[in-house]
Amino acid sequence: MPFLSIISPVYRAEQTLEPLVLRIKDAVRKISSEFEIVLVEDASPDRSWDEIDRLAKLHPEVVGIKLSRNFGQHYAITAGLDHAKGDWVVVMDCDLQDRPEEIPQLLAKAEEGYDVVLARRANRQDGFLKRLSSKLFYRTLAWLTGSHQDETIANFGIYHRKVIREISNMRESIRYFPTMVRWVGFRQTTLDVIHAANEERGSSYNFKRLFNLALDIMLAYSDKPIRMTVKVGLLIALAGFLFAVFTLVRYLQGDIIIAGYASLIISLWILTGFILVTLGMVGLYIGKTFEGVKNRPIYIVEKRVGEK
């Protein structure tokens with residue numbers, strides 16, 4: 001009988017934590033008597049930590065971890081992975097859109113010989129704007145990183161201990177759990193699951209946070225923007241050379257008496273803009289490299305409850 005660890009990053013989830021814990025216990029007891037529920041509170045502005053503290057006293061399976069500030073969802077997941085003790089690890093959101101009742105099916109699929117089973121939300125129960133922003137985010141991410149990205153798959157899934165161990169060994173400062181799962185490899189598959197509607201709260205990922213997340217992932221996992229600037233630079237240089245040859249031929253033929261002001265201004269703006277974009281892109285990569293060499297901790301734990 002496997003020992004299961006169920007990890008959930010917590011943010012603005014005061015009202016959903018108790019039903020989350022009860023539903024996880026009801027679902028997991030059908031497949032194992034040994035399990036833990038690791039709730040990682042990411043400096044939520046509500047009373048989520050007080051609720052975790054209360055639940056840990058009522059349910060011996062609950063382990064609470066409070067981060068010292070808001071590090072972000074994927075850093076909270078990392079904290080949970082580092083503290084997980086299970087042979088199999090389930091990662092799921094705390095808003096009950098990831099249904100605990102799917103855990104037995106995920107484990108059953110994994111026991112067919114897979115190390116990772118990713119939950120595929122075949123019929124996403126999100127609003128139009130969230131689905132649209134998610135689709136744009138994943139398609140842009142796929143293009144930038146050169147890897148397949150499926151907008152129906154997020155963090156929800158079950159992972160063997162050896163997969164989690166390798167992911168935990170990756171200590172880079174920019175964290176994005178789904179990409180890290182794909183990178184480590186092992187035998188992976190998907191399983192269609194029911195995706196529940198979010199009745200309690202809206203998503204904490206607005207356009208700004210999605211944009212910043214995509215930018216961080218791009219800088220951490222792709223050098224495509226740098227390669228693009230080199231290619232565009234070569235095209236601009238070629239166009240500039242051809243324009244120079246054309247202008248020289250016209251001058252030798254006597255067609256040009258005074259050099260054109262418009263062409264000079266246009267060339268100046270194009271080249272200056274391209275140089276600034278290139279410098280900015282290189283600066284972003286240097287900035288992320290600077291963050292990495294500081295070797296700061298990925299997260300800081302302020303409190304723990306329920307640990308045995």
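The values are calculated or read from the model by the stated rules, or taken from the named source; none is laboratory data. Computed from a prediction, not measured in an experiment: that's the story for all the values here. Positions of Cβ are generated from backbone atoms using ideal geometry, with glycine treated the same way; all protein chains shown enter the neighbour counts.
The table for this structure:
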quantity	calculated
Residue within segment 52-64 that is assigned by TED's automatic domain parsing to the domain that holds Lys30, out of contact with any strand residue (DSSP E or B) (no Cβ under 6 Å at 6 or more places or on another chain) and within 19 Å of Tyr159 (Cβ to Cβ) present	no
Subset of segment 157-193 that is at pLDDT 85 or above and of a type in the set (Ser, Thr, Tyr) - its residue that is surrounded by the most Cβ atoms within 10 Å (Cβ to Cβ)	Tyr159
Lys135 in a helix (DSSP H, G or I), assigned by TED's automatic domain parsing to the domain that holds Trp49, modelled with pLDDT under 90 and charged (D, E, K, R)	yes
Test for Ser48: is it touching an Asp or Glu at 6+ places or on another chain (Cβ under 8 Å), more than 11 Å from Glu14 (Cα to Cα) and in the same structural domain as Glu111 (by TED's automatic domain parsing)	no
Long-range neighbours under 6 Å by Cβ, at least six apart or interchain, first residue among the aromatic types (Phe, Trp, Tyr) within segment 86-102, second assigned to a strand (DSSP E or B) and crowded, with 22+ Cβ neighbours inside 10 Å	Trp88/Leu4; Trp88/Ile158
